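Structure record follows, encoded as structure tokens.
Every number here is computed from the coordinates shown, using simple stated rules; none is lab data. Bear in mind that the values here come from a model prediction, so they are computed numbers and not experimental data. Cβ placement follows ideal geometry from the backbone for every residue including glycine, while neighbour counts extend to all protein chains displayed.
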């Protein structure tokens, strides 16, 4: 299992679409996905586990498009939505 931590959300955050995405990628129930969304909105931090790094990367990309502000995958790979791969 790979841990995915969501940090922060941006104006225009699409919480219903994010809830649907969580359910599709993790297999969690509607109630569990809603708790993750509510925790992200209230605390600017929420965490889920997914089956693989590929699923985590897909979840990261789609979450960024829905307005999640930053995402950490696993124990060391940190991805920031405000930085775009240039050094």
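A few points about this structure:
- Ordered by the count of other Cβ atoms within 10 Å of each Cβ, fewest first, 1, 28 give 1, 28.
- Potential lengthening of the chain between residue 30 and residue 10 amounts to 5.0 nm, from the contour at 0.36 nm per residue minus the alpha-carbon distance.
- The helix-based estimate of mean residue ellipticity at 222 nm for the chain, built from -39,500 (n - 2.57) per DSSP H run of four or more residues and divided by its residue count, is -14500 deg cm²/dmol to the nearest 500.
- Under the shape rule built on the C-alpha gyration tensor, where the axes satisfy a ≥ b ≥ c, the chain is oblate, since a/c reaches at least 1.5 while a/b does not exceed b/c.
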